[in-house]
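Quick one: the structure is below, questions incoming.
Read-outs throughout are calculated quantities, based only on the coordinates presented, and are distinct from any laboratory measurement. What you see is a predicted model; the values in this text were computed from it and never measured. Virtual Cβ from ideal backbone geometry, glycine too; neighbours counted across all protein chains shown.
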Amino acid sequence: MVAETGTLLTFLAALTLLLVTAHTLGIVANRAGFAPVVGELLTGLVLGPAVLGVVAPAVTAVVVPVPDRVAALASLGLVLLLVLAGTEVDVPALRRHVRPTIALAVGASVVPFLLGFGLGWVLPAEYLATPEQRLPFALFLATALSISAVPVAVRVLIDLDAMDRTVGQLTLTAAVVIDAAGWVALTVVSDIARQGRVSLLGVGRTLLVLAVFVALVAVVGPRFVEWLFETVERTDSPVLTGFSAVVVLGFALAGASLALGLEAVLGAFLAGILVRNHLDGETSRVVHLVTLGLFAPLFFATAGLQADLTGLFSLDTLFVGGLTLTVAVLGKVLGVAVGAAFTDLTRDETVCLAIGLNARGAMEIVVAALGLTIGILTPTIYAVIVLVAIVTSVMTPPLLRRALSRLPDDVPSR
C-alpha cells in the first residue's frame, strides 16, 4: 500500500507540475501574440535538465524521466489532438478549392520533403543513431520538414479574423491535405524504418492495408457514425453522450490502425473527419476543452522533455540546427511558390500562404517523437526538430499579420 501511495504521489506531482507550467506558459505565449502551443512546447524545455535542472534538479527529477502513467496520458493527448485536427477538415471547402489546394499541397510537401531528404543524406554520421540507418533517418527528417500544422494554422487564422478570406481557406485546406499525405508517408516510412531496409513487398503491403483501411472507413464509417449519434440522441443518457461517442470512436480507429500495422495518428485523424458534421455546439466545446485543457498540453510538455538541449550547445550542432531551420523555411517558401505558379493567386496571396503553411507546431513533433521512439532519430536531432517546430510557430503570427495587411480588405473566399 505504501508503494502504491508513493507511485500515485509521484504521478500526481508530475501531472500538476506539467499542467501548471504548460498553462502558465501557454497564457504568456497567447498574450504575447503567439499560439498557446508555443508555450506548451516550451514547458518541457523549461522543466528539463538544461534549464530548471540546473537550478532545481530535485524538481526536474519529478518529471524526468517521464513517469509511465504520464506518458500514457500524453499518448491519449496525441490521439485526441489528431481527432480534433480531423474535425477541422471541411470537405465541401476542399471541393470548392480543389485545384489550387492540390497545387499548393503538392508543392508545399514535395519540395521540403526533397530538401529534407537531401539534408538527412549529407549530415555527418555522428547525428545518426547507427550508420546503417541513413535511409530511414533521411526519410524521417524529410517527413518532419514537409509537415504543416493544421492546429497552429487554424488558431492563427481565427485570431487574425482571416478564416473566411481566400488565403485563409486555402491555407487550411492545403494544410489538411499536406497533413493527410504526411500521415500516409509516415506510415510507409515507419515500416521501412522498422524493417531497416526498403522492401517493395513490405511497402506494397503497407500501402494495400492503408488503402483498404481508408476505403473501409470512408464507406462504412459515415453510416456507422450516423447510427451512433442517432443512438446517443435517442438514448438521452448522461453517460452515453456525443463526447463519449467521439472519444470511443477516436480510440477505436486509432487502435485499429495500430492493429493493422499502421500509425495510430491516421485512425484518429479519420475519426475526426467522420464526426465533424455530427458535433453540436456543446459536444464540440467539451472536446476542445478536454483536449486542449488537459491532454494536449501533456503531450506537448512531455515532447519537450524528451528534447536534449544540452546537445545543442556545441558549435557544430548549432550549425546543423540553423541549417535545418533554413531548409525547413526555404522548402515551404519555394514549395508554395511552385504550387502557386499553377493557380491564379496574386503575389501577396502567395506570400500569405507561404507564411501560413510554414508553421510546423504539433504535427512535426508527432513525427519526430515517433522517430525517437523507434530509435531512428537521436536525442540531439530530435531537439533540433522541436526547436524548428517552435521557431516556425513563433514566426507565423506576426509575419502573417503583416502580410494580410497588404491584401485588400474585401477579399472573400472564392
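Could you order the peptides 295-301, 31-37, 184-190, 203-209 from most to least packed, using the average number of other C-beta atoms within 10 Å per residue?
Values: 295-301: 27.0, 31-37: 18.9, 184-190: 21.9, 203-209: 14.1.
Top to bottom by mean Cβ count within 10 Å: 295-301, 184-190, 31-37, 203-209.
Give me the percent relative contact order of the chain, please, defined on Cα pairs under 8 angstrom at least 6 residues apart.
30
Treating only the Cα positions of region 1-66 as identical point scatterers, give the base-10 log of I(q)/I(0) from the Debye formula at each q in 0.12, 0.15, 0.22 Å⁻¹.
-0.35, -0.51, -0.88
Now for a separate question. Could you tell me the ratio Rg/Rh of region 1-143? Both radii from Cα atoms, Rh via Kirkwood.
On the way: Rg = 20.6 Å, Rh = 19.1 Å.
For region 1-143, the value is 1.08.
Then there's this: Highest mean first, what order results for 62-75, 373-386 on Cβ atoms within 10 Å? Each step should come with its number before you reach the end.
On the way: 62-75: 17.5, 373-386: 22.1.
Result, highest mean first: 373-386, 62-75.
Another question, then. Counting other beta carbons within 10 Å of each Cβ, put Trp183, Trp227 in order, fewest first.
Result, fewest neighbours first: Trp227, Trp183.
Let a ≥ b ≥ c be the square roots of the eigenvalues of the Cα gyration tensor of region 253-365; is it rounded (a/c under 1.5), or, if not, prolate (a/b larger than b/c) or oblate?
Cα axes put region 253-365 in the oblate bin.
If R0 is 56 Å, what FRET efficiency do you get for Leu258 and Arg406 from their C-beta distance, rounded to 0.05?
Efficiency computed from Cβ-Cβ geometry: 0.75.
Could you tell me whether the chain comes out rounded, prolate or oblate from its Cα gyration tensor? Rule is a ≥ b ≥ c as square roots of the eigenvalues, rounded for a/c under 1.5, then prolate if a/b exceeds b/c, otherwise oblate.
In terms of gyration-tensor shape, rounded.
Okay, moving on. To the nearest 20 debye, what is the magnitude of the charge dipole of the chain about its Cα centre, counting +1 on the Cβ of each Lys and Arg and -1 on the Cβ of each Asp and Glu?
580
At R0 = 60 Å, how high is the FRET efficiency between Val20 and Leu114 if r is their beta carbon distance? Nearest 0.05 is fine.
Working: r = 42 Å, r/R0 = 0.70.
That gives a FRET efficiency of 0.90.
Name the helices (complete DSSP H segments) of the chain with a Cα length along the long axis of 20 Å or more and a Kyte-Doolittle mean of at least -1.0, or state none. Can you show the working numbers first?
On the way: long enough: 2-31 (43 Å, 1.32); 68-86 (27 Å, 1.94); 98-122 (36 Å, 1.60); 166-195 (43 Å, 1.09); 200-235 (49 Å, 1.34); 242-259 (25 Å, 1.99); 315-340 (37 Å, 1.72); 379-404 (37 Å, 1.50).
The qualifying helices are 2-31, 68-86, 98-122, 166-195, 200-235, 242-259, 315-340, 379-404.
Hey, another quick one. What is the fewest-to-most order of Glu226, Glu40 by other Cβ atoms lying within 10 Å of their Cβ?
Result, fewest neighbours first: Glu226, Glu40.
Given H placed on each backbone N at 1.01 Å, which residues far from Ala359 in sequence or on other chains put an amide H within less than 5 Å of it?
Those lying under 5 Å, H to H, from Ala359 are Ala149.
Using modelled backbone amide H atoms (1.01 Å from N, in-plane), which distant-in-sequence or interchain residues come within less than 5 Å of Leu377's amide H?
The list, which skips near neighbours in sequence, is Leu372.
Give me the number: length gained by fully extending Asp280 to Ala72, i.e. 0.36 nm times residue separation minus the C-alpha to C-alpha distance, one decimal in nm.
72.0 nm
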